[in-house]
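Engineer: Just dropping this structure here.
The values are calculated or read from the model by the stated rules, or taken from the named source; none is laboratory data. Keep in mind that what you see is a predicted model, and the values were worked out from it rather than measured. Neighbour counts run over all protein chains shown; Cβ positions are idealised from the backbone, glycine included. Only protein heavy atoms, including side chains, enter the accessible area calculation; ligands, DNA and RNA are left aside. Shrake-Rupley method; radii C 1.70, N 1.55, O 1.52, S 1.80 Å.
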Amino acid sequence: MLCIDDLCEMADHYAPVEYLVREAAQQWERDEAMALRRAVFCIEQGIFARDDRDAVDEHSRLLVAMSCNGGMPDQVVGTVRIHRGEAAGEWWGSRLAVHPAFRSQGHLGATLIRLAVSRAHALGCRIFLAQVQVQNVPLFEKLGWTALEETTVHGRPHARMRADLGWYPPCHDPLSGFVTRAKVLA
């Protein structure tokens with residue numbers, strides 16, 4: 001028979017086994033995504049002083065990765081935004097962030113990238129671009145991206161990269177999105 005101490009110890013070791021990656025549908029998802037962006041870009045990386053929000057947020061689509069508890073979304077652990085560019089058919093991804101405690105779980109960054117490009121593809125994207133921090137270039141290259149040029153964004157080295165849309169079939173149902181499972185640790 002389990003006692004309360006056993007339950008508390010079990011809760012301390014809880015790790016999600018499943019993550020839902022989709023377009024943000026509820027206000028709490030958007031709020032947690034923006035808090036995560038502030039934590040990553042303002043506190044952890046020190047790129048922005050107080051907040052990373054900008055005019056792009058007003059017309060972008062916010063995608064989230066959420067840990068699931070009992071099959072239900074529980075906590076936002078990753079996010080990215082997508083938005084139209086200036087040229088016809090041009091889309092951009094930006095502000096990709098994954099909570100540090102979840103960076104080694106479930107390929108969340110890769111799944112967010114996959115949904116970002118697939119969703120834009122369904123919305124008429126013909127070219128998908130991103131300014132990628134140099135340490136993340138190898139991940140993007142594994143996912144079918146090509147570096148176009150080196151650049152500096154907010155005083156930090158980046159690569160302007162382009163996705164190969166052939167790797168990303170259109171996603172017409174952004175609320176169902178994708179499900180990814182946590183890595184099994186031996």
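Engineer: Return only the number of the condition from (1) hydrophobic (A, V, I, L, M, F, W, C); (2) at pLDDT 90 or above; (3) open to solvent by 10 Å² or more (accessible area, probe 1.4 Å); (4) not in a helix (DSSP H, G or I) that residue 56 does not satisfy.
Structural biologist: Status for residue 56: all satisfied but (4).
Engineer: Any residue that is among the polar types (S, T, N, Q) and part of a loop (DSSP other than H, G, I, E, B) - is there at least one of those in the stretch 149-171?
Structural biologist: No, that holds for no residue.
Residue-by-condition table, conditions (1) over 18 Å from the mean Cα position of the chain (by Cα); (2) of a type in the set (D, E, K, R); (3) part of a strand (DSSP E or B); (4) at pLDDT below 95:
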residue: 1; (1), (2), (3), (4): yes, no, no, yes
residue: 5; (1), (2), (3), (4): yes, yes, no, yes
residue: 31; (1), (2), (3), (4): no, yes, no, no
residue: 35; (1), (2), (3), (4): no, no, no, no
residue: 42; (1), (2), (3), (4): no, no, no, yes
residue: 52; (1), (2), (3), (4): no, yes, no, yes
residue: 66; (1), (2), (3), (4): no, no, yes, no
residue: 79; (1), (2), (3), (4): no, no, yes, no
residue: 88; (1), (2), (3), (4): yes, no, no, no
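Engineer: Residue 179 is checked against (1) among the β-branched types (Val, Ile, Thr); (2) surrounded by 11 or more Cβ atoms within 10 Å (Cβ to Cβ); (3) more than 17 Å from the chain's Cα centre (by Cα); (4) at pLDDT below 95 and fails just one. What number does that condition carry?
Structural biologist: (3)
Engineer: Sticking with this one: Can you tell me how many residues within the stretch 90-104 are over 19 Å from residue 55 (Cα atoms), in contact (Cβ under 8 Å) with a residue 24 or more places away in the chain and not in a helix (DSSP H, G or I)?
Structural biologist: Residues flagged as over 19 Å from residue 55 (Cα atoms), in contact (Cβ under 8 Å) with a residue 24 or more places away in the chain and not in a helix (DSSP H, G or I) within the stretch 90-104 amount to 3.
Engineer: Here is a further query. Of these, 61, 95, which one is open to solvent by 60 Å² or more (accessible area, probe 1.4 Å), within 16 Å of the chain's Cα centre (by Cα) and under 21 Å from residue 127 (Cα atoms)?
Structural biologist: 61
Engineer: Taking the condition out of contact with any helix residue (DSSP H, G or I) (no Cβ under 6 Å at 6 or more places or on another chain) and either crowded, with 16+ Cβ neighbours inside 10 Å or at pLDDT 95 or above (or both), does residue 121 pass?
Structural biologist: Against the criterion (out of contact with any helix residue (DSSP H, G or I) (no Cβ under 6 Å at 6 or more places or on another chain) and either crowded, with 16+ Cβ neighbours inside 10 Å or at pLDDT 95 or above (or both)), residue 121 does not qualify.
Engineer: Within the stretch 105-125, can one find any residue that is touching a residue at least 40 places away in the same chain (Cβ under 8 Å), under 13 Å from the mean Cα position of the chain (by Cα), over 24 Å from residue 144 (Cβ atoms) and outside any loop (DSSP other than H, G, I, E, B)?
Structural biologist: no
Engineer: Scan the stretch 93-115 residue by residue and report those that are hydrophobic (A, V, I, L, M, F, W, C) and out of contact with any Pro (no Cβ under 9 Å at 6 or more places or on another chain).
Structural biologist: 96, 97, 98, 101, 108, 110, 112, 113, listed by residue number.
Engineer: Continuing with this model, one more query. On the given criteria, is residue 132 part of a helix (DSSP H, G or I) and over 20 Å from residue 30 (Cα atoms)?
Structural biologist: Considered against the rule, which asks whether it is part of a helix (DSSP H, G or I) and over 20 Å from residue 30 (Cα atoms), residue 132 comes out as no.
Engineer: Would you point out which residue out of 162, 156 is surrounded by fewer than 21 Cβ atoms within 10 Å (Cβ to Cβ) and in contact (Cβ under 8 Å) with a residue 60 or more places away in the chain?
Structural biologist: 156
Engineer: Against the definition (surrounded by fewer than 13 Cβ atoms within 10 Å (Cβ to Cβ) and at pLDDT 95 or above), how does residue 141 come out, yes or no?
Structural biologist: In short, no.
Engineer: May I pose another question? When only residues in the stretch 68-77 that are over 13 Å from the mean Cα position of the chain (by Cα) and not charged (D, E, K, R) count, which is least open to solvent (accessible area, probe 1.4 Å)?
Structural biologist: 68
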